[in-house]
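In what follows, a single structure is set out as C-alpha coordinates and then discussed.
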Amino acid sequence: MEVPARGTDSDDYVELLADLKDRIRRARLRAAVAVNEELILLYWSIGRDILLRQGAAGWGAKVIDRLASDLKRDFPEMTGLSSRNLKYMRAFAEAFPDQEIVQQVIAQLPWGHAITLVEAVKDPEQRLWYAHRSREHGWSRNVLVHQIGTDLHGRQGKALTNFARTLPAPQSDLAQELIKDPYSFDFLGLGPDISERELERGLLEHLRALILELGKGFAFVGSQYQLEVGGQDYYLDLLFYHLQLRCFVVVELKIEEFKPEFAGKMNFYLSAVDDILRHADDAPTIGIILCKGKNEVIVEYALRDSTKPMGVAEYKLSHALPAPLQAALPTAQELAREFPFMSLVKLRIDIERELRAMHEEATGASQRPLALHDLIRANGDLLNLSSTRDFLRIVNNLHHAAHGVDVPESEAAITVEVATRFLDEIREHRASTD
(Lines give C-alpha, C1' and ligand atoms only; values in the text may rest on other atoms or scores of the structure.)
Protein backbone atom coordinates (compact mmCIF):
# COMPACT_ATOMS: atom_id res chain seq x y z
CA MET A 1 0.00 0.00 0.00
CA GLU A 2 1.40 3.36 -1.04
CA VAL A 3 1.71 5.86 1.81
CA PRO A 4 1.00 9.54 0.95
CA ALA A 5 3.92 11.88 1.48
CA ARG A 6 3.84 13.45 4.89
CA GLY A 7 2.34 16.91 5.00
CA THR A 8 0.85 16.92 1.47
CA ASP A 9 -2.53 17.98 2.85
CA SER A 10 -1.05 20.95 4.70
CA ASP A 11 -1.43 24.59 3.77
CA ASP A 12 2.32 24.76 3.12
CA TYR A 13 2.09 22.04 0.47
CA VAL A 14 -0.85 23.74 -1.26
CA GLU A 15 1.03 27.04 -1.25
CA LEU A 16 4.18 25.36 -2.66
CA LEU A 17 2.21 23.63 -5.40
CA ALA A 18 0.53 26.90 -6.43
CA ASP A 19 3.89 28.69 -6.45
CA LEU A 20 5.53 25.99 -8.61
CA LYS A 21 2.67 26.03 -11.10
CA ASP A 22 2.93 29.80 -11.37
CA ARG A 23 6.70 29.62 -11.96
CA ILE A 24 6.28 26.94 -14.62
CA ARG A 25 3.68 29.01 -16.47
CA ARG A 26 5.91 32.09 -16.35
CA ALA A 27 8.94 30.11 -17.59
CA ARG A 28 6.93 28.69 -20.48
CA LEU A 29 5.74 32.17 -21.38
CA ARG A 30 9.30 33.54 -21.36
CA ALA A 31 10.41 30.67 -23.60
CA ALA A 32 7.55 31.33 -26.05
CA VAL A 33 8.40 35.05 -26.16
CA ALA A 34 12.08 34.26 -26.82
CA VAL A 35 11.20 31.86 -29.65
CA ASN A 36 8.84 34.42 -31.21
CA GLU A 37 11.51 37.13 -31.04
CA GLU A 38 14.04 34.93 -32.86
CA LEU A 39 11.46 34.01 -35.51
CA ILE A 40 10.49 37.65 -36.20
CA LEU A 41 14.16 38.66 -36.47
CA LEU A 42 14.78 35.70 -38.84
CA TYR A 43 11.84 36.73 -41.03
CA TRP A 44 13.07 40.33 -41.08
CA SER A 45 16.61 39.30 -42.09
CA ILE A 46 15.26 37.04 -44.87
CA GLY A 47 13.11 39.88 -46.18
CA ARG A 48 16.00 42.35 -45.98
CA ASP A 49 18.33 40.04 -47.94
CA ILE A 50 15.69 39.51 -50.65
CA LEU A 51 15.26 43.29 -50.90
CA LEU A 52 19.02 43.89 -51.17
CA ARG A 53 19.54 41.18 -53.79
CA GLN A 54 16.62 42.38 -55.89
CA GLY A 55 17.92 45.94 -55.73
CA ALA A 56 21.59 45.14 -56.41
CA ALA A 57 21.29 42.25 -58.88
CA GLY A 58 17.99 43.15 -60.49
CA TRP A 59 16.31 39.87 -59.54
CA GLY A 60 12.66 39.70 -60.44
CA ALA A 61 9.68 38.50 -58.38
CA LYS A 62 10.11 34.90 -59.57
CA VAL A 63 13.19 34.49 -57.39
CA ILE A 64 10.86 34.42 -54.36
CA ASP A 65 8.98 31.41 -55.76
CA ARG A 66 12.29 29.61 -56.39
CA LEU A 67 13.57 30.42 -52.88
CA ALA A 68 10.33 29.12 -51.35
CA SER A 69 10.62 25.84 -53.26
CA ASP A 70 14.27 25.30 -52.33
CA LEU A 71 13.83 26.26 -48.68
CA LYS A 72 10.77 24.00 -48.22
CA ARG A 73 12.75 21.13 -49.70
CA ASP A 74 15.56 21.58 -47.17
CA PHE A 75 13.31 22.52 -44.22
CA PRO A 76 10.10 20.51 -44.74
CA GLU A 77 9.13 20.82 -41.08
CA MET A 78 8.91 24.64 -41.22
CA THR A 79 5.50 26.04 -42.17
CA GLY A 80 6.48 29.68 -42.69
CA LEU A 81 8.56 29.37 -45.86
CA SER A 82 5.82 29.60 -48.47
CA SER A 83 6.14 31.98 -51.39
CA ARG A 84 3.36 34.12 -49.94
CA ASN A 85 5.10 34.38 -46.55
CA LEU A 86 8.43 35.25 -48.16
CA LYS A 87 6.68 38.14 -49.91
CA TYR A 88 5.34 39.23 -46.52
CA MET A 89 8.92 39.09 -45.16
CA ARG A 90 10.10 41.31 -48.00
CA ALA A 91 7.27 43.80 -47.36
CA PHE A 92 7.99 43.61 -43.60
CA ALA A 93 11.66 44.51 -44.07
CA GLU A 94 10.68 47.33 -46.43
CA ALA A 95 8.12 48.74 -43.96
CA PHE A 96 10.50 48.50 -40.96
CA PRO A 97 14.06 49.16 -42.27
CA ASP A 98 15.51 49.89 -38.80
CA GLN A 99 16.69 46.63 -37.20
CA GLU A 100 16.81 48.18 -33.72
CA ILE A 101 13.11 49.10 -33.88
CA VAL A 102 12.28 45.61 -35.12
CA GLN A 103 14.18 44.04 -32.23
CA GLN A 104 12.81 46.32 -29.51
CA VAL A 105 9.18 46.59 -30.64
CA ILE A 106 8.01 44.39 -33.52
CA ALA A 107 9.83 41.25 -32.32
CA GLN A 108 7.70 41.40 -29.16
CA LEU A 109 4.55 40.91 -31.27
CA PRO A 110 3.29 37.80 -33.10
CA TRP A 111 3.96 37.51 -36.83
CA GLY A 112 0.26 38.01 -37.62
CA HIS A 113 0.41 41.44 -35.96
CA ALA A 114 3.41 42.41 -38.11
CA ILE A 115 1.54 41.43 -41.29
CA THR A 116 -1.49 43.46 -40.19
CA LEU A 117 0.66 46.53 -39.53
CA VAL A 118 2.31 46.25 -42.95
CA GLU A 119 -0.95 45.70 -44.85
CA ALA A 120 -3.34 48.03 -42.99
CA VAL A 121 -1.19 51.05 -42.05
CA LYS A 122 0.66 52.90 -44.80
CA ASP A 123 2.08 55.81 -42.80
CA PRO A 124 5.39 54.76 -41.12
CA GLU A 125 4.84 56.94 -38.03
CA GLN A 126 1.31 55.59 -37.49
CA ARG A 127 2.49 52.03 -38.13
CA LEU A 128 5.07 52.32 -35.36
CA TRP A 129 2.50 54.01 -33.07
CA TYR A 130 0.10 51.06 -33.43
CA ALA A 131 2.98 48.63 -32.86
CA HIS A 132 3.90 50.34 -29.59
CA ARG A 133 0.28 50.40 -28.40
CA SER A 134 -0.29 46.78 -29.38
CA ARG A 135 2.73 45.72 -27.36
CA GLU A 136 1.84 47.95 -24.39
CA HIS A 137 -1.81 46.84 -24.15
CA GLY A 138 -1.40 43.21 -25.24
CA TRP A 139 -3.92 43.53 -28.10
CA SER A 140 -4.97 40.43 -29.99
CA ARG A 141 -4.78 40.61 -33.78
CA ASN A 142 -8.54 41.18 -34.00
CA VAL A 143 -8.33 44.07 -31.53
CA LEU A 144 -5.43 45.57 -33.49
CA VAL A 145 -7.50 45.39 -36.70
CA HIS A 146 -10.41 47.06 -34.89
CA GLN A 147 -8.28 49.89 -33.50
CA ILE A 148 -6.77 50.60 -36.92
CA GLY A 149 -10.19 50.44 -38.57
CA THR A 150 -11.65 52.99 -36.13
CA ASP A 151 -8.62 55.32 -36.51
CA LEU A 152 -7.53 55.16 -32.86
CA HIS A 153 -4.37 57.10 -33.75
CA GLY A 154 -6.43 59.99 -35.10
CA ARG A 155 -8.81 60.04 -32.10
CA GLN A 156 -6.45 59.42 -29.16
CA GLY A 157 -5.82 62.45 -26.96
CA LYS A 158 -7.90 64.77 -29.15
CA ALA A 159 -10.63 65.65 -26.62
CA LEU A 160 -10.95 69.23 -25.38
CA THR A 161 -9.94 69.25 -21.70
CA ASN A 162 -8.60 71.47 -18.92
CA PHE A 163 -6.21 68.76 -17.65
CA ALA A 164 -3.04 70.78 -18.25
CA ARG A 165 -4.31 73.40 -15.79
CA THR A 166 -6.12 71.23 -13.22
CA LEU A 167 -3.80 68.20 -12.90
CA PRO A 168 -0.06 67.88 -12.11
CA ALA A 169 2.13 67.41 -15.19
CA PRO A 170 2.69 63.63 -15.26
CA GLN A 171 -0.97 62.82 -14.61
CA SER A 172 -2.31 65.51 -16.93
CA ASP A 173 -0.28 64.13 -19.85
CA LEU A 174 -1.47 60.57 -19.26
CA ALA A 175 -5.09 61.62 -18.75
CA GLN A 176 -5.05 63.68 -21.96
CA GLU A 177 -3.61 60.77 -23.93
CA LEU A 178 -6.28 58.39 -22.63
CA ILE A 179 -9.30 60.46 -23.72
CA LYS A 180 -10.36 60.21 -27.37
CA ASP A 181 -12.48 62.36 -29.65
CA PRO A 182 -14.71 61.09 -31.06
CA TYR A 183 -15.58 57.85 -29.26
CA SER A 184 -16.84 55.19 -31.63
CA PHE A 185 -19.99 53.41 -30.44
CA ASP A 186 -20.64 51.69 -33.76
CA PHE A 187 -20.90 48.37 -31.93
CA LEU A 188 -24.28 49.45 -30.52
CA GLY A 189 -26.08 49.42 -33.86
CA LEU A 190 -28.28 52.33 -32.69
CA GLY A 191 -29.66 55.10 -34.87
CA PRO A 192 -29.59 58.83 -34.07
CA ASP A 193 -33.10 58.98 -32.54
CA ILE A 194 -32.37 57.52 -29.14
CA SER A 195 -32.76 58.57 -25.51
CA GLU A 196 -29.91 58.95 -23.04
CA ARG A 197 -31.23 55.92 -21.13
CA GLU A 198 -31.21 53.81 -24.33
CA LEU A 199 -27.64 54.90 -25.03
CA GLU A 200 -26.59 54.01 -21.48
CA ARG A 201 -28.43 50.68 -21.60
CA GLY A 202 -26.78 49.84 -24.92
CA LEU A 203 -23.31 50.56 -23.55
CA LEU A 204 -23.95 48.36 -20.50
CA GLU A 205 -25.25 45.54 -22.68
CA HIS A 206 -21.97 45.70 -24.59
CA LEU A 207 -19.74 46.36 -21.60
CA ARG A 208 -16.82 44.43 -23.02
CA ALA A 209 -16.81 46.50 -26.23
CA LEU A 210 -17.22 49.70 -24.17
CA ILE A 211 -14.16 48.88 -22.05
CA LEU A 212 -12.19 48.18 -25.23
CA GLU A 213 -13.21 51.55 -26.71
CA LEU A 214 -12.43 53.46 -23.50
CA GLY A 215 -8.97 51.89 -23.37
CA LYS A 216 -6.59 50.17 -20.99
CA GLY A 217 -7.02 50.67 -17.26
CA PHE A 218 -10.75 51.41 -16.99
CA ALA A 219 -12.52 49.27 -14.35
CA PHE A 220 -16.32 49.45 -14.28
CA VAL A 221 -17.79 50.52 -10.91
CA GLY A 222 -21.47 51.11 -11.69
CA SER A 223 -24.21 52.74 -13.75
CA GLN A 224 -26.74 55.21 -12.36
CA TYR A 225 -24.39 55.28 -9.36
CA GLN A 226 -26.22 56.88 -6.42
CA LEU A 227 -24.71 59.75 -4.43
CA GLU A 228 -26.48 61.43 -1.52
CA VAL A 229 -25.64 65.12 -1.19
CA GLY A 230 -27.44 67.45 1.23
CA GLY A 231 -30.19 64.90 1.80
CA GLN A 232 -30.93 64.58 -1.93
CA ASP A 233 -30.09 61.70 -4.30
CA TYR A 234 -28.06 62.19 -7.48
CA TYR A 235 -27.17 59.54 -10.07
CA LEU A 236 -24.02 59.28 -12.19
CA ASP A 237 -24.57 57.81 -15.67
CA LEU A 238 -21.39 55.71 -15.57
CA LEU A 239 -18.66 55.47 -12.92
CA PHE A 240 -15.25 53.90 -13.53
CA TYR A 241 -11.96 53.63 -11.63
CA HIS A 242 -8.76 54.02 -13.64
CA LEU A 243 -6.01 51.70 -12.48
CA GLN A 244 -3.11 53.70 -13.96
CA LEU A 245 -4.31 57.17 -13.01
CA ARG A 246 -5.52 55.85 -9.62
CA CYS A 247 -8.67 57.93 -9.72
CA PHE A 248 -12.42 57.70 -10.29
CA VAL A 249 -13.73 58.68 -13.73
CA VAL A 250 -17.30 59.99 -14.09
CA VAL A 251 -18.85 59.66 -17.56
CA GLU A 252 -21.98 61.65 -18.43
CA LEU A 253 -23.89 60.85 -21.63
CA LYS A 254 -25.73 63.55 -23.58
CA ILE A 255 -27.73 62.94 -26.77
CA GLU A 256 -27.49 66.60 -27.80
CA GLU A 257 -24.91 69.26 -28.57
CA PHE A 258 -22.69 70.37 -25.68
CA LYS A 259 -24.16 73.10 -23.46
CA PRO A 260 -22.23 75.16 -20.84
CA GLU A 261 -24.50 73.92 -18.04
CA PHE A 262 -23.20 70.37 -18.63
CA ALA A 263 -19.80 71.49 -17.27
CA GLY A 264 -21.42 73.00 -14.16
CA LYS A 265 -23.27 69.78 -13.43
CA MET A 266 -20.11 67.71 -13.97
CA ASN A 267 -18.18 70.04 -11.64
CA PHE A 268 -20.80 69.29 -8.95
CA TYR A 269 -20.51 65.53 -9.50
CA LEU A 270 -16.70 65.62 -9.31
CA SER A 271 -16.81 67.53 -6.02
CA ALA A 272 -19.27 65.00 -4.60
CA VAL A 273 -17.22 61.96 -5.70
CA ASP A 274 -14.02 63.51 -4.33
CA ASP A 275 -15.73 64.12 -0.99
CA ILE A 276 -17.68 60.85 -0.68
CA LEU A 277 -15.74 58.14 -2.56
CA ARG A 278 -12.19 59.35 -3.09
CA HIS A 279 -9.54 57.86 -0.80
CA ALA A 280 -6.68 59.97 0.53
CA ASP A 281 -4.23 58.26 -1.84
CA ASP A 282 -6.45 58.65 -4.92
CA ALA A 283 -5.80 61.32 -7.53
CA PRO A 284 -8.53 63.90 -8.23
CA THR A 285 -11.62 62.49 -9.93
CA ILE A 286 -11.84 63.13 -13.69
CA GLY A 287 -15.03 63.87 -15.64
CA ILE A 288 -15.76 62.99 -19.28
CA ILE A 289 -18.82 64.53 -20.97
CA LEU A 290 -19.79 62.57 -24.09
CA CYS A 291 -22.04 64.58 -26.41
CA LYS A 292 -23.62 64.16 -29.81
CA GLY A 293 -21.66 67.21 -30.96
CA LYS A 294 -19.80 70.26 -29.66
CA ASN A 295 -18.76 73.79 -30.51
CA GLU A 296 -15.08 74.11 -29.56
CA VAL A 297 -15.33 77.79 -28.58
CA ILE A 298 -18.26 77.10 -26.22
CA VAL A 299 -16.39 74.15 -24.68
CA GLU A 300 -13.28 76.27 -24.15
CA TYR A 301 -15.26 78.99 -22.36
CA ALA A 302 -17.14 76.44 -20.24
CA LEU A 303 -13.94 74.73 -19.04
CA ARG A 304 -11.68 77.77 -18.76
CA ASP A 305 -12.33 78.68 -15.11
CA SER A 306 -13.27 75.23 -13.80
CA THR A 307 -10.95 73.92 -11.10
CA LYS A 308 -12.05 70.31 -11.61
CA PRO A 309 -10.39 68.16 -14.32
CA MET A 310 -12.84 67.37 -17.10
CA GLY A 311 -12.95 66.82 -20.83
CA VAL A 312 -15.58 66.98 -23.56
CA ALA A 313 -15.71 64.56 -26.48
CA GLU A 314 -18.18 63.46 -29.13
CA TYR A 315 -19.46 59.96 -29.78
CA LYS A 316 -20.37 58.45 -33.13
CA LEU A 317 -23.17 55.97 -33.79
CA SER A 318 -23.83 53.92 -36.91
CA HIS A 319 -27.34 53.61 -38.32
CA ALA A 320 -27.03 49.88 -38.70
CA LEU A 321 -24.37 47.34 -37.83
CA PRO A 322 -23.13 45.02 -40.60
CA ALA A 323 -23.97 41.34 -40.07
CA PRO A 324 -20.30 40.23 -39.73
CA LEU A 325 -19.82 42.70 -36.84
CA GLN A 326 -23.07 41.58 -35.21
CA ALA A 327 -21.61 38.08 -35.01
CA ALA A 328 -18.41 39.43 -33.45
CA LEU A 329 -20.19 41.17 -30.55
CA PRO A 330 -20.10 39.47 -27.12
CA THR A 331 -22.97 37.16 -26.31
CA ALA A 332 -25.02 37.23 -23.12
CA GLN A 333 -22.88 34.38 -21.81
CA GLU A 334 -19.68 36.34 -22.54
CA LEU A 335 -21.05 39.39 -20.74
CA ALA A 336 -21.95 37.20 -17.77
CA ARG A 337 -18.33 36.07 -17.66
CA GLU A 338 -17.13 39.68 -17.90
CA PHE A 339 -18.94 40.90 -14.77
CA PRO A 340 -16.99 38.60 -12.38
CA PHE A 341 -13.82 39.97 -14.01
CA MET A 342 -14.89 43.54 -13.18
CA SER A 343 -15.84 42.43 -9.69
CA LEU A 344 -12.31 41.11 -9.15
CA VAL A 345 -10.81 44.50 -10.07
CA LYS A 346 -13.17 46.37 -7.73
CA LEU A 347 -12.56 43.88 -4.88
CA ARG A 348 -8.81 44.35 -5.23
CA ILE A 349 -9.21 48.15 -5.01
CA ASP A 350 -11.51 47.92 -1.95
CA ILE A 351 -9.28 45.44 -0.12
CA GLU A 352 -6.16 47.48 -0.81
CA ARG A 353 -7.87 50.61 0.53
CA GLU A 354 -9.05 48.91 3.72
CA LEU A 355 -5.61 47.44 4.36
CA ARG A 356 -3.87 50.75 3.70
CA ALA A 357 -6.27 52.60 6.00
CA MET A 358 -5.75 49.96 8.69
CA HIS A 359 -1.97 50.29 8.34
CA GLU A 360 -2.12 54.09 8.55
CA GLU A 361 -4.31 53.91 11.66
CA ALA A 362 -1.78 51.59 13.30
CA THR A 363 1.32 53.62 12.34
CA GLY A 364 -0.26 57.06 12.56
CA ALA A 365 1.20 58.20 9.25
CA SER A 366 0.71 57.78 5.52
CA GLN A 367 3.65 55.88 4.08
CA ARG A 368 4.66 54.81 0.59
CA PRO A 369 2.17 52.37 -1.02
CA LEU A 370 2.76 48.70 -0.13
CA ALA A 371 1.83 45.61 -2.11
CA LEU A 372 -1.12 43.52 -0.87
CA HIS A 373 1.11 40.82 0.60
CA ASP A 374 3.19 43.45 2.43
CA LEU A 375 0.07 45.18 3.75
CA ILE A 376 -1.21 41.91 5.19
CA ARG A 377 2.13 41.20 6.85
CA ALA A 378 2.28 44.78 8.16
CA ASN A 379 -1.13 44.30 9.80
CA GLY A 380 -0.23 41.33 11.96
CA ASP A 381 -3.76 40.94 13.37
CA LEU A 382 -4.98 39.92 9.91
CA LEU A 383 -2.99 36.71 10.06
CA ASN A 384 -5.44 35.47 12.67
CA LEU A 385 -8.51 35.97 10.48
CA SER A 386 -10.08 32.74 9.27
CA SER A 387 -10.17 33.89 5.64
CA THR A 388 -6.58 35.18 5.35
CA ARG A 389 -5.00 31.90 4.24
CA ASP A 390 -7.71 31.35 1.64
CA PHE A 391 -7.22 34.90 0.39
CA LEU A 392 -3.46 34.46 -0.03
CA ARG A 393 -4.14 31.45 -2.28
CA ILE A 394 -6.30 33.45 -4.70
CA VAL A 395 -4.62 36.87 -4.53
CA ASN A 396 -2.78 36.26 -7.83
CA ASN A 397 -6.15 36.08 -9.60
CA LEU A 398 -6.89 39.62 -8.37
CA HIS A 399 -3.52 40.79 -9.71
CA HIS A 400 -4.19 39.13 -13.07
CA ALA A 401 -7.63 40.75 -13.38
CA ALA A 402 -6.23 44.20 -12.52
CA HIS A 403 -3.68 43.87 -15.35
CA GLY A 404 -6.21 42.64 -17.90
CA VAL A 405 -5.16 38.97 -17.84
CA ASP A 406 -8.03 36.51 -18.25
CA VAL A 407 -9.04 34.50 -15.17
CA PRO A 408 -10.91 31.20 -15.79
CA GLU A 409 -14.62 31.50 -15.03
CA SER A 410 -14.56 28.82 -12.30
CA GLU A 411 -11.56 30.44 -10.57
CA ALA A 412 -13.13 33.92 -10.88
CA ALA A 413 -16.27 32.77 -9.03
CA ILE A 414 -14.23 31.24 -6.19
CA THR A 415 -11.99 34.32 -6.04
CA VAL A 416 -14.99 36.67 -5.74
CA GLU A 417 -16.38 34.55 -2.89
CA VAL A 418 -13.08 34.34 -0.97
CA ALA A 419 -12.12 38.00 -1.53
CA THR A 420 -15.59 39.21 -0.46
CA ARG A 421 -15.39 37.17 2.74
CA PHE A 422 -11.89 38.52 3.44
CA LEU A 423 -13.05 42.11 2.83
CA ASP A 424 -16.02 41.64 5.18
CA GLU A 425 -13.76 40.26 7.92
CA ILE A 426 -11.33 43.18 7.53
CA ARG A 427 -14.17 45.65 7.95
CA GLU A 428 -15.57 43.78 10.94
CA HIS A 429 -12.10 43.72 12.50
CA ARG A 430 -11.62 47.47 11.99
CA ALA A 431 -15.06 48.19 13.42
CA SER A 432 -14.34 46.10 16.50
CA THR A 433 -11.11 47.96 17.21
CA ASP A 434 -12.59 51.48 16.89
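The values are calculated or read from the model by the stated rules, or taken from the named source; none is laboratory data. Note that the structure is predicted; figures quoted are calculated from it, not measured. Here the Cβ is made from the backbone with ideal geometry for all residues, glycine too, and neighbour counts use every protein chain on show. Surface accessibility is based on the protein's heavy atoms, side chains included, excluding ligands, DNA and RNA. Shrake-Rupley method; radii C 1.70, N 1.55, O 1.52, S 1.80 Å.
A few comments on the model shown:
- Taking every protein chain into account, the accessible area of the range 1-130 amounts to 67 square angstrom per residue (probe 1.4 Å).
- Kirkwood estimate for the range 79-152, i.e. one over the average of 1/r between Cα atoms, Å: 12.4 Å
- Local charge for Leu86 was computed over the other residues whose Cβ lies under 15 Å away, with Lys and Arg +1 and Asp and Glu -1, and equals +4.
- Per DSSP, loop trypsin sites (Lys or Arg not before Pro) in the range 80-131 with at most 16 further Cβ within 10 Å: Lys122
- The loop-placed GluC sites (Glu not before Pro) in the range 18-84, going by DSSP, that have at most 15 neighbouring Cβ atoms within 10 Å of their Cβ come out as Glu77.
- Calculated P(r) of the range 59-112 - Cα pairs past 13 Å, %: 65 percent
- Beyond 25 Å, the tail of the calculated P(r) for the range 1-156 holds 46 percent of the Cα pairs.
- Distances between placed amide hydrogens fall under 5 Å for Met310 paired with Asn162, Phe163, Gly287, all partners being 5 or more residues away or on another chain.
- Fraction of accessible area attributable to carbon and sulfur, the range 5-140 (%, probe 1.4 Å): 54 percent
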